[in-house]
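For reference, the structure discussed in these notes is given below.
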Amino acid sequence: MKQYRIAPSILSADFARLGEEVRQVIDAGADWIHFDVMDNHYVPNLTVGPMVCEAIRPHAKVPIDVHLMVRPTDRIASDFAKAGANIISFHPEASDHIDRTLTLIRDHGCQAGLAFNPATPLHYLDHLMDRLDLILIMSVNPGFGGQSFIPEAINKLRAVRTRIDAHTAKTGREIRLQVDGGVKLDNIAAIAAAGADTFVAGSAIFGQPDYRTVIEAMRKQLSK
């Protein structure tokens, strides 16, 4: 049976008590903690940097999953690795040398991922599957939380799942397929059916009064 992971995004947490929020959502059953890192350049918003990751690291007994929406990528990727990140993903358009950036992340002891915007083609995967631990499909245009799921992401997830399954059958290596944007209780089962195994959810979790209840409800949908 496929192992699913739920990764609450701190973008929707209460930043006035971020450490407490992280502890509470982990105690409620979160598998990863997701960082949405935006630079007001590659995407139209400004969020958090490595110092926040370093501050949160002692509060997180689960992996910290960093999604870089920044340009350039290499320096900030190194800084997040040193700050305690476990998984670092970036966008191919934001790196001048994608393979070099993947190598840099892995040389720092982190798992490496590639993130795809809704209109970004998948051909970047053609020669990189052996370098990836995670593929992230954006189901909204990056920049802001609370957006609605773009239905075409379902087809993109299916296409990536086909690539991952072929790669795993050939090499034995597993690659996680993550989805980020508009994931909610009423669509998580359909998203999983399309091939996703790791789910980023921000407002769908942090916008609820009881984190455990919503995470357990998501797992119940996934069990179907």
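The values are calculated or read from the model by the stated rules, or taken from the named source; none is laboratory data. Note that this is a predicted model, so its numbers are computed, not measured. Cβ: placed from backbone, ideal geometry, glycine included. Neighbour counts: every protein chain shown. Ligands, DNA and RNA are stripped out before the accessible areas are found, and what is left, the full protein with its side chains, is counted by its heavy atoms. Shrake-Rupley method; radii C 1.70, N 1.55, O 1.52, S 1.80 Å.
Among the strands (runs of 3 or more DSSP E) contained in region 52-170, which hold 3 or more residues that are of a type outside the set (A, V, I, L, M)? Walk me through it before giving the result.
Working: elements: 64-69, 87-90, 111-116, 134-138.
Because the criterion is at least 3 residues that are of a type outside the set (A, V, I, L, M), the strands (runs of 3 or more DSSP E) in region 52-170 that meet it are 111-116.
Could you grab me the full set of residues in region 48-69 that are open to solvent by less than 40 Å² (accessible area, probe 1.4 Å) and of a type outside the set (D, E, K, R)? Give the steps one after another, and end with the answer.
Start the filter on region 48-69 by keeping residues that are open to solvent by less than 40 Å² (accessible area, probe 1.4 Å), which leaves 48-50, 53, 56, 60, 62, 64-69.
Hits for region 48-69 are V48, G49, P50, C53, I56, A60, V62, I64, V66, H67, L68, M69.
Return the only residue of R100, R131, R176 being over 25 Å from I10 (Cβ atoms) and touching a strand residue (DSSP E or B) at 6+ places or on another chain (Cβ under 9 Å). Don't jump to the end; show me each part of the working.
Values: R100 fails: touching a strand residue (DSSP E or B) at 6+ places or on another chain (Cβ under 9 Å); R176 fails: over 25 Å from I10 (Cβ atoms).
Of R100, R131, R176, the one residue that is over 25 Å from I10 (Cβ atoms) and touching a strand residue (DSSP E or B) at 6+ places or on another chain (Cβ under 9 Å) is R131.
Taking region 1-15 on its own, how many of its residues are closer than 19 Å to G182 by Cβ and open to solvent by 10 Å² or more (accessible area, probe 1.4 Å)?
Within region 1-15, the subset closer than 19 Å to G182 by Cβ is 4-13.
Imposing the further condition that a residue be open to solvent by 10 Å² or more (accessible area, probe 1.4 Å) reduces the set to 4-5, 11-13.
Result for region 1-15: 5.
Would you check which residues across region 188-206 are modelled with pLDDT of 95 or more, surrounded by fewer than 21 Cβ atoms within 10 Å (Cβ to Cβ) and farther than 20 Å from F116 by Cα and list them?
Listed by number, the residues that qualify are A189, F206.
So, in region 16-27, exactly how many residues are farther than 20 Å from V179 by Cβ and either of a type in the set (V, I, T) or in a loop (DSSP other than H, G, I, E, B) (or both)? If you could, list the steps in order and put the result at the bottom.
Going residue by residue through region 16-27, those that are farther than 20 Å from V179 by Cβ are 16-24, 26-27.
With either of a type in the set (V, I, T) or in a loop (DSSP other than H, G, I, E, B) (or both) added as a condition, the list becomes 22, 26.
So the count comes out to 2.
What are the pairs, 6+ residues apart or on separate chains, where a residue within region 70-84 that is crowded, with 21+ Cβ neighbours inside 10 Å has its Cβ under 6 Å from a residue that is at pLDDT 95 or above and of a type in the set (G, A, S)?
Qualifying pairs under 6 Å: T73/A94; T73/S95.
Looking at (1) modelled with pLDDT under 95; (2) out of contact with any Leu (no Cβ under 8 Å at 6 or more places or on another chain); (3) open to solvent by 10 Å² or more (accessible area, probe 1.4 Å), find the lone condition where G145 falls short.
All conditions are met except number (2).
Among the residues of region 182-217, write down those that are basic (K, R) and not in a loop (DSSP other than H, G, I, E, B). Write out each step before concluding.
Start the filter on region 182-217 by keeping residues that are basic (K, R), which leaves 184, 212.
Answer for region 182-217, where residues must be basic (K, R) and not in a loop (DSSP other than H, G, I, E, B): just R212.
Look through R17, R5 and report the one residue that is under 21 Å from G113 (Cβ atoms) and charged (D, E, K, R). Let's see the steps before the verdict.
Working: R17 fails: under 21 Å from G113 (Cβ atoms).
Result of the check over R17, R5: R5.
Conditions (1) under 25 Å from T47 (Cα atoms); (2) free of Cβ contacts under 8 Å to residues at least 12 places away in the same chain; (3) of a type in the set (F, W, Y), marked per residue:
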site	(1), (2), (3)
S89	yes, no, no
P92	yes, no, no
H97	yes, yes, no
Q111	yes, no, no
L114	yes, no, no
N117	yes, no, no
H123	no, yes, no
I154	no, no, no
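Select from region 28-49 the residues that are in contact with a Gly (Cβ under 7 Å, 6 or more places away or on another chain) and not in a strand (DSSP E or B) and list them in ascending order.
Correct list: V43, P44, N45.
Looking at H41, H91, which one is under 22 Å from G181 (Cα atoms) and at pLDDT below 95?
Details: H91 fails: at pLDDT below 95.
Every option except H41 fails the conditions.
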